[in-house]
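Just below is one structure, and these are the notes that go with it.
The values are calculated or read from the model by the stated rules, or taken from the named source; none is laboratory data. This is a predicted model, so every value here is computed, not measured. Ideal geometry is used to build each Cβ from the backbone, glycine not excepted, and the neighbour counts take in all protein chains shown.
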Amino acid sequence: EMIDKWIKEKGILTKLLEKGIKFLVTKECKKIRNLKIDIISTSTQIFKGVIPKINISAEDINYRDLFFDELQIEADNLKINFKLTTKELKFINDPLIKFKISLTQSSFRTILLSKNWHWIGDKISKEILNQEKLIDIKIKNGQLLIKTSKDDINITKEQHINITAEKGKVYLNNEAYNKIIEIPVEDKIYIKKIYIENKLINIFASSSISF
């Protein structure tokens, strides 16, 4: 009986809200598959403008030419303003979200060679390896294997690079050259942990989001 009551309570309003968030997320992404949104809240709480928890998961995402293979998001204690008549949804507080992103070698390569983000790849080449251009990147034995070249000559170099997170920032380091650089990440994103496993780069982070 309690469960029946809970299902009724979760009811239509929550479903509407799930649809609203799905719409917001889909609109932000050029591509997204298997998007699942689970709002853990009762209709009463939504009327009061509170959502205790939202879980979001998706696969195969293209967000501003950033390619992610898997994404999991959890947000707690959201304050909302939901107009039932227009189905318009606004977040009143800037919610803190926790997320996990996984990227394959192919997604990571596509990002670093894309026209929007290749400057990061070139920054890695110049600052760590003293080369002009990033040509290719692979994942090998838990490290990044980076292939670079100088513009005028067709000589390519390969170097192993470690990727780590410290105090919210992402660092790449090349032990052979004894060089470490920070990868630029938006200020409000705090990277907790980053590691490579089974040829996947896994990133655990948190961020406040303003709508």
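Things to note:
- The set of residues in the range 66-93 that are of a type outside the set (A, V, I, L, M), touching a residue at least 60 places away in the same chain (Cβ under 8 Å) and surrounded by 14 or more Cβ atoms within 10 Å (Cβ to Cβ) comprises D69, F82, F91.
- In the range 125-143, the residues that are of a type outside the set (D, E) and touching a helix residue (DSSP H, G or I) at 6+ places or on another chain (Cβ under 8 Å): Q131, K133, L134, I137, K138, I139
- Restricted to strands (runs of 3 or more DSSP E) entirely inside the range 107-172, those with at least 3 residues that are closer than 18 Å to P184 by Cβ are 156-166.
- Conditions (1) within 30 Å of W119 (Cβ to Cβ); (2) at pLDDT below 95; (3) assigned to a strand (DSSP E or B); (4) not charged (D, E, K, R): number failed by I51: (1)
- Taken over the range 145-165, the criterion of being modelled with pLDDT of 70 or more and not hydrophobic (A, V, I, L, M, F, W, C) is satisfied by K147, T148, S149, K150, T156, K157, E158, Q159, H160, N162, T164.
- Top-ranked residue in the range 28-44 [being part of a helix (DSSP H, G or I) and touching a helix residue (DSSP H, G or I) at 6+ places or on another chain (Cβ under 9 Å); ranked as modelled with the highest pLDDT]: T44
- Here N202 qualifies as within 22 Å of I97 (Cα to Cα) and in contact (Cβ under 8 Å) with a residue 12 or more places away in the chain.
- Output for the range 64-106, where each listed residue is in contact with an Asp or Glu (Cβ under 9 Å, 6 or more places away or on another chain), outside any strand (DSSP E or B) and closer than 21 Å to L144 by Cα: S106
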